[in-house]
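Novice: For reference, the structure I am asking about is given below.
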């Protein structure tokens, strides 16, 4: 192994942190999952513990770690290392990079989790072409990667396709608009529209649809058509070559994937123009257990180190 | 003036060609408009005549012209210099660059007219930030410019926002889908929905709406909401800083601009998220008579020369 330092990446989710240690050549040296704390102090503590546990289990000293990147839900001020409105983590405003760096010493960089996953998925696929990562979870958002770099856009809303309205008569979205893509294929909106108790409401919807429940069938159609709409928007605006679909709803497996493909094919059958785009061949589902988000975070953490070397050296 | 050659750019429209001669420092040395021929041979002839007339009126020899760029409606194979399906020009398939180069000697490069206008508008604005050019004409399409370069996308559909459906119950689009953005704010779709004779149907719609005609008021709302939807899609996917609106419908002036702004503001009032984007402040209407499209074509023509110098030198 080279003497260049190990890069650590953390994907901080609502319940767990996925942590990877990445060698300079890109090899994943170690990986572990730890529970995420709730609230600002607990989030910082659980991140510090994840890094120290990962170092211990991978046989590294903390001084071997050259940088840590964190992918985290919420609005992220990348340059300032701050997280704002990460409601699933109980975080209102957190100086995450500064606090973690003060505790552990190495430089931290923070990025929105979907953007980190987009970069990680693109690099792990070896994709030099453009790619979008469409995250179907409680909410819906995408990250766009052009030429191996995250496309952040002018004001950080690149890939926010969840809040594009595709039906003026659709359900009211939490954002205040009607018929947003997220109202069709976001897990939160689907659970609310379903309105029945259950730990896995979207799975319940698909089970009930398979059993012939008309309300469930309508929501299943919404799920597939909403995700298909997001794919169409990404290709007809940014024109990415591939849309990789990830997020919690991908636990639905082929019932999700086959449904999205079928919705894209049905659209292509109605439209000669859409059929030329071959969208059904341009989607992929991120493999279960993929380290893409934590790996992408590691790359982002290393990118700040490179920047600092340029600035200071 | 430097000894570097003059760059000529042509914006080939359905009725006229707008031609500019651009000095190496970016100054526009001369400009003229000529009628466009109908059909493949006549299109080539009118382009050859526009270049020779422009040279004569600007006091240039043809050998002073280092390159010619052509912006033209239709599907363009940029590398091959071919135009396919330019229905407004009576062109099915045309080896335009090769034929024009054979007639005049200097290298030609061909690009889709909306993409050429996007580049020209971005450079004329001095915009280093990202920009989209939204063309509202018979149809609706956008060109996206990041960092002074046209974003073509993986398969050439970047900016094709006209065929994103925003209403599953909307009017049938020529593309086979329902409720495409183009069915709301494309001049062709609006004229068809209006269904009354007249040389300027969209202006007739606005006049009738001002006079209280309910059908016209509904179509006027469609126009403004459709254009606002295109702006939203461009910002929530590619996140361009500014959307410059051009095309034939901008002849409607403030009746178009004020209506699009009002639609964006009404949306922002319903949605705290949308209000943070300040979309009504991020649109501009391309000034009447702007040479943006021809100027952008000139830049594109020069870019092929540079490429050839690299390849051959």
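Novice: Go through (1) closer than 22 Å to residue B:75 by Cα; (2) surrounded by fewer than 17 Cβ atoms within 10 Å (Cβ to Cβ) and name the single condition residue B:160 misses.
Specialist: Of the numbered conditions (1) closer than 22 Å to residue B:75 by Cα; (2) surrounded by fewer than 17 Cβ atoms within 10 Å (Cβ to Cβ), the odd one out for residue B:160 is (2).
Novice: Quick one: residue A:122 ticks every box in (1) over 27 Å from residue A:251 (Cα atoms); (2) within 14 Å of another protein chain (Cβ to nearest Cβ) bar one, so which box is it?
Specialist: So residue A:122 meets the others, but not (1).
Novice: When only residues in segment B:137-146 that are within 11 Å of chain A (Cβ to nearest Cβ) and more than 19 Å from residue B:175 (Cα to Cα) count, which is surrounded by the most Cβ atoms within 10 Å (Cβ to Cβ)?
Specialist: B:144
Novice: Residues being more than 12 Å from residue B:298 (Cα to Cα) and modelled with pLDDT under 95: count how many of those fall in segment B:17-34.
Specialist: Count: 1.
Novice: Residue A:142: closer than 15 Å to residue A:230 by Cβ and within 18 Å of the chain's Cα centre (by Cα), yes or no?
Specialist: yes
Novice: Within segment B:241-249, can one find any residue that is part of a helix (DSSP H, G or I) and crowded, with 18+ Cβ neighbours inside 10 Å?
Specialist: yes
Novice: Another one. It is to be established whether one or more residues within segment B:255-263 are more than 14 Å from chain A (Cβ to nearest Cβ), without any contact (Cβ under 8 Å) to a residue 12 or more places away in the chain and either over 24 Å from residue A:230 (Cβ atoms) or over 18 Å from the mean Cα position of the chain (by Cα) (or both).
Specialist: yes
Novice: Starting from segment A:168-186, keep only residues that are over 22 Å from residue A:260 (Cα atoms) and more than 9 Å from chain B (Cβ to nearest Cβ), then list their pairs with residues that are surrounded by fewer than 22 Cβ atoms within 10 Å (Cβ to Cβ) and at pLDDT 95 or above whose Cβ atoms are within a distance under 6 Å, requiring at least 6 positions of separation or different chains.
Specialist: A:172/A:178
Novice: Same structure again: Quick check, is residue A:169 surrounded by fewer than 21 Cβ atoms within 10 Å (Cβ to Cβ), out of contact with any helix residue (DSSP H, G or I) (no Cβ under 6 Å at 6 or more places or on another chain) and not assigned by TED's automatic domain parsing to the domain that holds residue A:66?
Specialist: Criteria met by residue A:169.
Novice: Residues of segment A:264-289 being touching a residue at least 24 places away in the same chain (Cβ under 8 Å) and in a helix (DSSP H, G or I), which ones? Even if it seems obvious, please write down each step before you answer.
Specialist: The initial filter retains those residues of segment A:264-289 that are touching a residue at least 24 places away in the same chain (Cβ under 8 Å), namely A:264, A:267, A:274, A:277, A:279, A:282-286, A:288.
Result: A:264, A:267, A:274, A:277, A:279.
Novice: In segment B:225-232, is there at least one residue being within 14 Å of another protein chain (Cβ to nearest Cβ) and closer than 30 Å to residue B:66 by Cβ?
Specialist: Checked against the condition, which is being within 14 Å of another protein chain (Cβ to nearest Cβ) and closer than 30 Å to residue B:66 by Cβ, segment B:225-232 yields no hits at all.
Novice: Exactly one of these conditions fails for residue B:278: (1) at pLDDT 95 or above; (2) more than 14 Å from chain A (Cβ to nearest Cβ); (3) surrounded by fewer than 21 Cβ atoms within 10 Å (Cβ to Cβ). Give me its number.
Specialist: With (1) at pLDDT 95 or above; (2) more than 14 Å from chain A (Cβ to nearest Cβ); (3) surrounded by fewer than 21 Cβ atoms within 10 Å (Cβ to Cβ) applied to residue B:278, the lone miss is (2).
Novice: Would you mind stating whether residue A:59 is more than 18 Å from residue A:291 (Cβ to Cβ) and assigned by TED's automatic domain parsing to the domain that holds residue A:100?
Specialist: Working: more than 18 Å from residue A:291 (Cβ to Cβ): yes; assigned by TED's automatic domain parsing to the domain that holds residue A:100: yes.
In short, yes.
Novice: Another question, if that's okay. For segment B:125-136, give me the residue count where each residue is over 21 Å from residue B:301 (Cβ atoms) and either modelled with pLDDT under 95 or within 13 Å of chain A (Cβ to nearest Cβ) (or both).
Specialist: The number of residues fulfilling the criteria is 5.
Novice: Does residue A:150 count as within 14 Å of another protein chain (Cβ to nearest Cβ), touching a helix residue (DSSP H, G or I) at 6+ places or on another chain (Cβ under 6 Å), crowded, with 21+ Cβ neighbours inside 10 Å and more than 30 Å from residue B:184 (Cα to Cα)?
Specialist: Values: within 14 Å of another protein chain (Cβ to nearest Cβ): yes; touching a helix residue (DSSP H, G or I) at 6+ places or on another chain (Cβ under 6 Å): yes; crowded, with 21+ Cβ neighbours inside 10 Å: yes; more than 30 Å from residue B:184 (Cα to Cα): yes.
When the stated conditions are applied, residue A:150 passes them.
Novice: Related question: Anything in segment B:209-224 that is within 14 Å of chain A (Cβ to nearest Cβ) and over 20 Å from the mean Cα position of the chain (by Cα)? List them, or say none. It would help to see each step written out before you state the result.
Specialist: We begin by selecting, within segment B:209-224, every residue within 14 Å of chain A (Cβ to nearest Cβ); these are B:218, B:221-222, B:224.
Passing the criteria: B:218, B:221, B:222.
Novice: Consider residue A:246 carefully, then state whether it is under 20 Å from residue A:187 (Cα atoms), under 23 Å from the mean Cα position of the chain (by Cα), within 14 Å of chain B (Cβ to nearest Cβ) and at pLDDT 95 or above.
Specialist: Considered against the rule, which asks whether it is under 20 Å from residue A:187 (Cα atoms), under 23 Å from the mean Cα position of the chain (by Cα), within 14 Å of chain B (Cβ to nearest Cβ) and at pLDDT 95 or above, residue A:246 comes out as no.
Novice: Restricting to segment B:281-290, count the residues that are more than 9 Å from every other protein chain (Cβ to nearest Cβ) and under 18 Å from residue B:230 (Cα atoms).
Specialist: 5
The values are calculated or read from the model by the stated rules, or taken from the named source; none is laboratory data. Everything numeric in this text was worked out from a predicted model, so none of it was measured. Note that each Cβ is placed from the backbone with ideal geometry, even for glycine, and that neighbours are counted across all protein chains shown.
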